[in-house]
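A.B. asks: I'd like to ask you about the structure that follows.
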Amino acid sequence: MLRVENLYKSFAGTEDVVTGVSFQINEGEVVALIGPSGSGKSTLLRCLTLLEKIDHGAIYVAGEPMVTTAPSGEVIYAPEAALRKIRLRLGMVFQNFNLFPHFSVLRNITEAPIHVAGMPPAEAEALARQLLAKIGLSDKADAYPYQLSGGQSQRVAIARALAMKPDILFFDEPTSALDPELTGEVLKVIRNLAAEQMTMMVVTHEMAFAREVADRVIFMDKGQIVEEGTPEILFGRPANERTRTFLGNYNLNAGS
Amino acid sequence: MLRVENLYKSFAGTEDVVTGVSFQINEGEVVALIGPSGSGKSTLLRCLTLLEKIDHGAIYVAGEPMVTTAPSGEVIYAPEAALRKIRLRLGMVFQNFNLFPHFSVLRNITEAPIHVAGMPPAEAEALARQLLAKIGLSDKADAYPYQLSGGQSQRVAIARALAMKPDILFFDEPTSALDPELTGEVLKVIRNLAAEQMTMMVVTHEMAFAREVADRVIFMDKGQIVEEGTPEILFGRPANERTRTFLGNYNLNAGS
Amino acid sequence: MFVLEYSTQLLKQVALLGSGALTTLRIFFLTLLFSLPLGLLIALARMAPYKWLNLPVRFYILIMRGTPLILQLIFFYFAPSAILPEGLRFTLPRFTAAVVAFSLNYAAYFAEIYRGGIESIPLGQYEAAAVLGFTKSQTFFRIILPQVIKRILPPVSNEVITLVKDTALITVLGITELFRVARNEANRLFSTTPLFIAGLFYLFMNWIVTKVFDAAEKKLSYYR
Amino acid sequence: MFVLEYSTQLLKQVALLGSGALTTLRIFFLTLLFSLPLGLLIALARMAPYKWLNLPVRFYILIMRGTPLILQLIFFYFAPSAILPEGLRFTLPRFTAAVVAFSLNYAAYFAEIYRGGIESIPLGQYEAAAVLGFTKSQTFFRIILPQVIKRILPPVSNEVITLVKDTALITVLGITELFRVARNEANRLFSTTPLFIAGLFYLFMNWIVTKVFDAAEKKLSYYR
Amino acid sequence: SGTKKDTSWEDVKKKGVFVLGLDDSFPPMGFRDENGQIVGFDIDVAKEACRRLGIELKLQPINWDAKEQELNTKNIDCIWNGLTITPERQKNILFTKPYMDNRQVVIVRADSGITSLAALAGKTLGLQAGSSAKDALSSAPGFEASLGNVIEFDENMTALMDLEMGGLDAVLMDEIVARYYIQQKDKNFIVLDEALASEEYGIGFRKNDQSLMEKFQDTLIAMAKDGTLAAISNKWFGEDITVIDR
Ligand SMILES: Nc1ncnc2c1ncn2[C@@H]1O[C@H](COP(=O)(O)OP(=O)(O)OP(=O)(O)O)[C@@H](O)[C@H]1O
Ligand SMILES: Nc1ncnc2c1ncn2[C@@H]1O[C@H](COP(=O)(O)OP(=O)(O)OP(=O)(O)O)[C@@H](O)[C@H]1O
Ligand SMILES: [Mg+2]
Ligand SMILES: [Mg+2]
């Protein structure tokens, strides 16, 4: 579904932030991306969703090249038309939700299907209501984002992304802006999506969640993938020293 | 150190938010206040720190009445001069830190000792540097708040409160605005304060932390104290049904 | 008897001033009509990442805000025939010149307001729109601009209130509007009363402007 | 020869206009001196929780912003001797009246800017200060106001730029300032050149104003 | 308060200062020279009159729109600046006898081919707002009706610029000012021989200041008798065009 090869990314005036990352995500797989603050997780996700241009490497979505690098080192993005199609396959849920404050919940969900995907408004509304039911917010269709709690906002953001029927859904710390009590609602929705075989990549600090829902966990540090594997292996008996330190830290926070 | 009797508080147009709360905190004790969102924890803390006026009840700080209620139902606050003295005994650390953005870290800490407590500037600065060393931020004395991470900001906020040498320190969710990784630093500081016999009351969602550091845990719901006791009892075998549901929720989130 | 005569005279004056107010209103509405969209274009040019576009626009804004509007009025009316080379000379009708000068001047002010508004919209809104596949122009017109409008209402209302009063300047081009009528009357009757009646007219117009903006603010307060 | 004569004449004009600019600068600085603190008082009154204080202040702001400044100038100069009962009549010196009118007018504008700034400071700043034991006035002057100043610099700079140009209005009280000198010269010489030289004077002053505010913004950018 | 005793002359004498209000942009009656000094025909006459009366002359530029207030609030003692005597103004101000005649003349471009008022039918005429040109036009309703359009300007200068540019076909203004302008700037303008109603300049005083008005009126008559007035007129206009005591 997604293949990343030797991806590099730096910002003007910074050292490389992502340095030679390669991995792939198979259809229906849920991958959790963990790692300390500043390790480049968000940057990686932004490169995959075309919010940042990469410096080197290649990304393939469903087999089609989104971006490749010529032997000369020149980075070649797919033509605009192709990129537009690829973009429709990718959904993203932001840490801060980024709902459109001037639209009702319903319109937040229907706006893109109607104006980007060209779906008839009636159909888009039906789809939106169906998604709202699924995330347990049918009664909030006419509310505005400022009237929602954090957990509700995040669930709407998920519905908004799902309405475009993406092939793969990215989450950047979907619960870290939420009070612990609100976190539960969002995690439940993600768990259900996983059960429906949605392909997902989740940057998260919720180790417990990563452990429970991910098929595979990738641990990143200093712009590189240090270790990856099933949750059992990665949490149970991490091979790498750095991973062990990081997870030890987590266990300490949890107070146990 | 602190005694609260039958405290009531409501806001214009709301039902009562705090309804008849009584408890007391002894010197050197650490009390954790937990409970679902909206149960009135923050409001209670704001009443205790004079940020809100109460509707009924009494509060005594170190035996002195801060506010009492006459038999007629009239709420009588201590005279302004006495209140000012009492206020100096109370310190508060906010969820959002509320550091003063236009002052350096050092001046954030020294401003109140110099201009409120009348401490000589040199002495205030020495005290501030000592506190900064204690929280591990000696090198940040000249930084400005915007240059600090969340965890560092919160530690400075704690130092700022400590500089006034309060007899009792209140925390309103000191870590819930922080990334889980930054939480550790702050919790460590609070743990150290507890070890030094600082009297503290902490509203928190970090059950693990409450469990570890608190001498006593108070569980609030719908404006009332439902249950209180040592962490072992409250977390281990809560007597009340509501407490059990709430803690079950917590355990679910933790994914175990 | 005296009071009656006095009040008929007052009524007469109010009617006369009212006729002047029509010109005032015309220049007012035409200026808004042109300067509001033009200001948006200028703001976009000002924020564009191209120096060749950016620098001239900054200069334009500096001149337009830094020099008195009255000079700009004189300039746009007299300059085309005075400065241009022989064959190219032309003269705008005076009202047209006034509308041009006002629109270009106010567009500069509005541009800076738009810019502030646009820059205050969080980047996340653009990113969310981009990931959903909105084109740049869809993003701007569907997502960003509606939010900008809500945010810039207060400063825009300030400028509009100033515009109501600035309309009096067109008299320099020989156009008769509210304040000119008042001054003529003041001269003829040897009294400042007409000037203060004109003041009431301005106050009334600005009261309406304020109400309109209050209503707009209320209308847009459905979200935060 | 011709060029030389022309340029000495130009120099002479610049010198003459420069003398007018002195009056302009005096009214400019005096207005700022009085209106900036006065505006703060008005803003505080406007936000006070007492209706008796609140309503008159709102009315004051409405009148001051809703009517042309030129009328206010006329009013403050002539009204004290025209309206007051016989024994109490007095007349302010023209320049004094101009300073009063300008200060009261600009104070209204500044008041609204201060208010916006003050209301934008998060409540948490007040609460943190209260819990630390700061008095209300310490809180305002040590914690809130310094932050307000940083936030309101851009709108204040707008008003100050407008003030530079508005100074030309004092001519209505017969005070000779930059623009009046330029108009007289223009009349005498039958040429608009003096007007445009005056325009350059205003532009220059506004350029300095802009630089000063840029420097202030830079100075305060040590925190966010 | 007609019963009140008129002490206006004594008051001025006691003060020792006589404040003359003028619009300092009205050449050649009163305006500023290249050094910024106020000069002009009216100024020279006023200086001489005050010298004879043993009082100091103070020149106070005023805004023409506010002249009533200036006079009534006693900021100035008179308006002496080519002030046209009209019946309406006489209701509010006390005028001296007229000291000068002024015709309202029409200026056109030399190459326009216009030589008579009749030729202005359907054309655009400019004038200064609030000036006596406006009054003169109103009192010639036939001519006014024949015009295509009347444009009012703040200042004669802008009107003349507009004439030069072609925005106007003619400008109606005080003959005295017109001749001064044409002499100053040899533009290709001509003054039509036909003129509108002639009018008279007088000095305006407060309604009650009878004694002050008479003092100046008498002084002016004396100056006319001994030839001083004629000399000043010659200096500014090249001929004696004063009319007082004639
Ligand atoms: N736009 C940018 N310009 C410059 N540097 C940037 C930019 N975005 C990110 N960085 C830097 O890149 C590094 C990686 O940042 P990134 O946000 O990807 O980390 P992260 O793993 O998501 O951390 P966190 O867990 O705190 O979200 C950081 O050092 C950051 O300062
Ligand atoms: N200033 C106020 N005006 C009106 N209602 C208020 C105000 N402050 C709080 N409330 C209401 O009081 C109730 C209790 O709020 P409070 O903030 O004390 O809860 P809490 O236990 O701290 O919740 P959380 O865990 O979400 O912080 C809520 O229903 C809230 O809406
Ligand atoms: Mg991140
Ligand atoms: Mg709370």
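A.B. asks: From zero up to wherever the largest Cα-Cα distance of chain C sits, split into 10 Å bins and tell me the percent of pairs in each.
C.D. replies: Result, from short to long distances: 7, 25, 29, 21, 12, 5, 1, 0 percent.
A.B. asks: Another one. Indicate the helices, whole DSSP H runs only, in chain D that combine a mean Kyte-Doolittle hydropathy of 0.0 or more with a Cα extent along their long axis of 27 angstrom or more.
C.D. replies: On the way: long enough: D:2-47 (64 Å, 1.35); D:94-119 (37 Å, 0.57); D:145-166 (29 Å, 0.41); D:193-219 (39 Å, 0.72).
Within chain D the helices that satisfy the rule are D:2-47, D:94-119, D:145-166, D:193-219.
A.B. asks: Normalised by the residues of the range A:33-120, what does the relative contact order come to in percent, with Cα pairs under 8 Å and at least six apart? Spell out each step's value before the answer.
C.D. replies: Values: 56 pairs, mean separation 13.1, N = 88.
Relative CO of the range A:33-120 lands at 15 percent.
A.B. asks: Right, here's the next one. Quick one: with label points 7 Å out along Cα→Cβ, list the inter-copy distances for B:G118 in nm, shortest first?
C.D. replies: Result for B:G118, in nm, nearest copy first: 8.0.
A.B. asks: With N denoting the number of residues in the range E:154-232, provide Rg(C-alpha) divided by 2.2 N^0.38 Å, to two decimal places. Could the numbers behind the result be given before it?
C.D. replies: On the way: Rg = 17.8 Å, N = 79, 2.2 N^0.38 = 11.6 Å.
The reported ratio for this selection is 1.54.
A.B. asks: Another question, then. Can you compute the radius of gyration and Dmax for the range B:59-150, using only the Cα atoms, both in Å?
C.D. replies: Considering the range B:59-150 through its Cα atoms, Rg and Dmax are 17.4, 56 Å.
A.B. asks: Name the residue farthest towards the positive end of the dipole of the range C:126-224 from the options C:A129, C:P194, C:L163, assuming +1 on Cβ of Lys and Arg, -1 on Cβ of Asp and Glu, about the Cα centre.
C.D. replies: Positive-end residue among those listed: C:A129.
A.B. asks: OK, next. Between E:A170, E:F205, E:A230, whose Cα lies farthest towards the positive end of the dipole of chain E when Lys and Arg beta carbons carry +1 and Asp and Glu beta carbons carry -1, centred on the Cα centre?
C.D. replies: Going by the Cα projections, it comes out as E:F205.
A.B. asks: While we're here: Could you tell me how many degrees, from 0 to 90 and to the nearest 10, lie between the Cα long axis of helix E:41-53 and the main elongation axis, the longest principal axis, of the Cα atoms of chain E?
C.D. replies: 10 degrees
A.B. asks: Find the relative contact order for the range D:126-204 and round it to a whole percent, using C-alpha pairs within less than 8 Å whose residues are 6+ positions apart. Working shown, then result.
C.D. replies: Values: 31 pairs, mean separation 12.7, N = 79.
With pairs under 8 Å counted, the relative contact order is 16 percent.
A.B. asks: Oh, and also: Peptide E:147-154: average number of partner chain Cβ atoms within 10 Å per residue? Don't skip to the answer; put the middle values down first.
C.D. replies: On the way: counts 0, 0, 1, 2, 5, 8, 6, 9.
The mean count of partner-chain Cβ atoms within 10 Å per residue comes to 4.
A.B. asks: If I build a Gaussian network model for chain D, linking alpha-carbon pairs within less than 10 angstrom, which residue out of D:L189, D:L153, D:L173 has the largest mean-square fluctuation?
C.D. replies: Of D:L189, D:L153, D:L173, the Gaussian network model singles out D:L189 as fluctuating most.
A.B. asks: Taking a label point 7 Å from Cα toward Cβ, how far is A:A62 from its twins in the other copies, in nm, shortest first?
C.D. replies: Once sorted, the set of distances for A:A62 reads 7.0 nm.
A.B. asks: May I pose another question? So what are the three principal axis dimensions of chain A from its Cα atoms, in whole Å, longest to shortest?
C.D. replies: 52, 52, 34
A.B. asks: How much space per residue, in cubic angstrom, does the convex hull of the C-alpha atoms of the range C:58-152 take up?
C.D. replies: Working: hull volume 13.5 nm³, N = 95.
Convex hull of Cα atoms, per residue: 142 Å³.
A.B. asks: Along its three principal axes, how long is the range E:136-184 when you only count alpha carbons? Whole Å, largest extent first please.
C.D. replies: Computed over the range E:136-184, the largest-to-smallest principal extents equal 33, 23, 17 Å.
A.B. asks: Another question, if that's okay. Can you tell me the mean projection area, over all orientations, of the convex hull of the range E:1-74's alpha carbons? Units nm², please. Show your work: numbers first, answer last.
C.D. replies: Working: hull surface 23.7 nm².
Its average projected convex-hull area is 5.9 nm².
A.B. asks: Per-residue Cβ counts within 10 Å, from other chains only, averaged over C:197-207: what number is that?
C.D. replies: Details: counts 0, 3, 9, 3, 1, 4, 7, 1, 1, 5, 2.
Neighbouring Cβ atoms belonging to other protein chains average 3 per residue here.
A.B. asks: Might you report the magnitude of the Cβ-based charge dipole of chain E about its Cα centre, with Lys and Arg at +1 and Asp and Glu at -1, to the nearest 20 debye? Can you show the working numbers first?
C.D. replies: On the way: 28 positive and 40 negative charges, 186 e Å.
The calculated dipole for chain E is roughly 900 debye.
A.B. asks: Ok, one more. Taking Rh as the Kirkwood radius, which is the inverse of the mean 1/r over Cα pairs, what is the Rg/Rh value for the protein assembly as shown? Could you put the intermediate results ahead of the total?
C.D. replies: Details: Rg = 39.3 Å, Rh = 36.4 Å.
With Rg and the Kirkwood Rh in hand, the quotient comes to 1.08.
A.B. asks: Taking all protein chains as present, what is the carbon and sulfur share of the accessible area of chain C, in % to the nearest whole number, probe 1.4 Å?
C.D. replies: On the way: 7450 of 10360 Å².
C and S atoms contribute 72 percent here.
A.B. asks: For every other residue with a beta carbon closer than 15 angstrom to the beta carbon of C:V100, add +1 if it is Lys or Arg and -1 if Asp or Glu, then tell me the sum. Please report the intermediate quantities before stating the final value.
C.D. replies: Details: positive: C:R26, C:R94; negative: C:D166.
With Lys, Arg at +1 and Asp, Glu at -1, the neighbours total +1.
A.B. asks: To the nearest 10 square angstrom, how much accessible area does A:K188 have with a 1.4 angstrom probe?
C.D. replies: That residue has around 130 Å² of solvent-accessible surface.
A.B. asks: So how compact is the range E:82-131: Cα radius of gyration and Dmax in angstrom?
C.D. replies: 15.6, 44
A.B. asks: Taking the Cβ of D:A130 as the center, what net charge do the other residues with Cβ under 10 Å away carry, scoring Lys and Arg +1 and Asp and Glu -1? All intermediate terms of the calculation are to be shown ahead of the outcome.
C.D. replies: Numbers: positive: B:R87, D:K136; negative: D:E127.
Charge balance near D:A130 sits at +1.
A.B. asks: Charges at C-beta only: +1 for Lys and Arg, -1 for Asp and Glu. How large is the resulting dipole of the range A:1-152 about its Cα centre, in Debye rounded to 20?
C.D. replies: Dipole about the Cα centre, nearest 20: 220 debye.
A.B. asks: Once you sort the root eigenvalues of the Cα gyration tensor of the range E:90-246 as a ≥ b ≥ c, which label holds: rounded (a/c under 1.5), prolate (a/b larger than b/c) or oblate (the other case)?
C.D. replies: Numbers: a/c = 2.52, a/b = 1.72, b/c = 1.47.
Taking the square roots of the gyration eigenvalues as a ≥ b ≥ c, the range E:90-246 is prolate.
A.B. asks: Next up: Taking the Cα centre of the range B:77-214 as origin and charging only Cβ (+1 Lys, Arg; -1 Asp, Glu), how large is the dipole, in debye to the nearest 20?
C.D. replies: Charge dipole of the range B:77-214: 360 debye, to the nearest 20.
A.B. asks: Something else now. Can you tell me the order of A:112-120, C:62-70, D:98-106, E:143-151 when each peptide is scored by its average per-residue count of other Cβ atoms within 10 angstrom, highest first?
C.D. replies: On the way: A:112-120: 16.9, C:62-70: 19.4, D:98-106: 23.4, E:143-151: 14.9.
Put in order of decreasing packing, that is D:98-106, C:62-70, A:112-120, E:143-151.
A.B. asks: Taking R0 as 35 Å, what's the FRET efficiency between C:A15 and C:T162 from their Cβ-Cβ distance, rounded to 0.05?
C.D. replies: 0.80
A.B. asks: Just tell me which lysines come within less than 19 Å, Cα to Cα, of E:K15; anything on the same chain fewer than 8 places away is out.
C.D. replies: E:K5, E:K47, E:K58, E:K74, E:K215
A.B. asks: Treating cross-link reach as a plain straight distance, find the lysines whose alpha-carbon is under 26 Å from the alpha-carbon of A:K9, omitting any fewer than eight places away in the same chain.
C.D. replies: A:K41, A:K53, A:K85, A:K222, C:K136
A.B. asks: Using a label point 7 angstrom from Cα along Cα-to-C-beta, what distances in nm, from shortest up, separate B:T245 from the other copies?
C.D. replies: B:T245 label point versus its equivalents elsewhere: 4.6 nm.
A.B. asks: Once the other residues with Cβ under 10 Å from the Cβ of E:G40 are scored (Lys, Arg +1; Asp, Glu -1), what is the net sum?
C.D. replies: On the way: positive: E:R32; negative: E:D24, E:D33, E:D42, E:D44.
Net charge around E:G40: -3.
A.B. asks: Under 10 Å, Cα contacts only: if you run a Gaussian network model on chain E, which one of E:A118, E:A178, E:A231 comes out with the highest mean-square fluctuation?
C.D. replies: E:A118
A.B. asks: Within a 10 angstrom radius of each residue's Cβ in D:74-86, how many Cβ atoms of other chains show up on average? Whole number is fine.
C.D. replies: Details: counts 9, 4, 0, 6, 8, 4, 1, 5, 4, 0, 0, 0, 0.
Counting other chains' Cβ atoms within 10 Å and averaging over D:74-86 gives 3.
A.B. asks: Specify the residue with the greatest mean-square fluctuation among E:A133, E:A159, E:A197, computed from a Gaussian network of chain E linking alpha-carbon atoms under 10 Å apart.
C.D. replies: E:A197
The values are calculated or read from the model by the stated rules, or taken from the named source; none is laboratory data. Note that this is a predicted model, so its numbers are computed, not measured. Positions of Cβ are backbone-derived with ideal geometry, glycine not excepted, and every protein chain shown enters the neighbour counts. Protein only, heavy atoms only, side chains kept; ligands, DNA and RNA dropped before computing areas. Shrake-Rupley method; radii C 1.70, N 1.55, O 1.52, S 1.80 Å.
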